[in-house]
Each structure stands twice: as structure tokens, then as C-alpha cells.
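Below is one structure, written out as C-alpha cells; the observations come after it.
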Amino acid sequence: MSIQSPLELLIDQIRDLYSAESQVVLTLPELATASPDEDLRNLLLRFEQHAMNHKARLKDACERLETHPDGDICKAMQGLIEGGNQHIDQAKGRETKALILIAHVNRILHYQIGGYSFATALAGQLGLDEIEHALNATLREENAGVCALADSAGEILQSVPEEQP
């Protein structure tokens, strides 16, 4: 698809985010199952619910823009998921595996934050206030997810004996 206007760029960005969220919805249950930590498992399952809500917002934005959310597969998210899954398989030890999961999901969230930040700003510049508001709500939730992961990592690290270099 050729992108010839800021509005077409916004639609492309929303479709990319929709694809990314679709992939996240599929991978989070697997990550939750892999988690050796119950609190982290529950957090990842909450993130799955958030991702489903994010997809619904993106679909609504597409309807408002009189388009559909389906487009190309977000290869960046696909790569993030595949790369992170390889690290999880290499984990030795309960705490290390939990921390690898946190790092993996943190990278996913930061990719999404970048996408939502740009799309939110672009929607605002185009005067699409309802879409801007919906995207910004998701952006706030993604940022809160990063904070929740940091808290989880801190709790897990407290249970790990101190290592000497």
C-alpha cells in the first residue's frame, strides 16, 4: 500500500498496532504458562485482557476512519516475540526465567509505546479527537504495564541471593 497522506499514515499505524496486539494476545497466555512466579503469571494474564481491550479500541478507530483493521503482519512484533521466546528457553533457574519473561514483555510494551505515542500525536494533529483519546488511553495502560513489570522484577530480585562478581 502506498501511503500518500498523514491520514493514510495513521491508518497504517493503527493497522500495525492491531497486528501487534493480535500477536500479543496469542503469546501472553503462553508466557503466563511459562512463568514460574504466580504473581507474574497473574500480571501477564491481566495484560492479555488489556491487549484484547486495546484491539477493540483499534478496531473502533478503524470503523471511525471507515476502514478495516487487517493489514500486513507486524514483523517487528513477530521478531520481538520470537527472539524473546528463544531466551526463555535458555533460562536456568526459577528467578532467572521470571526475569527473562519480564525483560521479554518489557520489550514488547516499549515497542507498543512507541507506536501508540506516534499514532496518538498524529490523530491529535489531524483533529481526530475521539481516536486520539482512545489511543492515549491505551498508551497510558502500556506505560502502567512497564511500571508493573518493574515492580515485579524488584520483588523477584529480593528473593535472589546476592551474587559476587
Pick from segment 27-36 the residues that are surrounded by 15 or more Cβ atoms within 10 Å (Cβ to Cβ) and assigned to a helix (DSSP H, G or I): which of them is farthest from the chain's Cα centre (by Cα)?
-> 34
Failed condition for residue 118, given (1) farther than 15 Å from residue 17 by Cβ; (2) touching a residue at least 60 places away in the same chain (Cβ under 8 Å); (3) part of a helix (DSSP H, G or I) | (1)
Please work out if residue 148 is of a type in the set (A, V, I, L, M) and either touching a His at 6+ places or on another chain (Cβ under 8 Å) or touching a residue at least 40 places away in the same chain (Cβ under 8 Å) (or both).
-> yes
Of the residues that sit in segment 12-26 and are free of Cβ contacts under 8 Å to residues at least 60 places away in the same chain and farther than 17 Å from residue 141 by Cα, which one is surrounded by the fewest Cβ atoms within 10 Å (Cβ to Cβ)?
-> 26
In segment 122-145, residues that are β-branched (Val, Ile, Thr) and more than 17 Å from residue 6 (Cα to Cα) total 1
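Throughout, read-outs are computed from the coordinates displayed, never taken from laboratory work. This is a predicted model, so every value here is computed, not measured. Ideal geometry is used to build each Cβ from the backbone, glycine not excepted, and the neighbour counts take in all protein chains shown.
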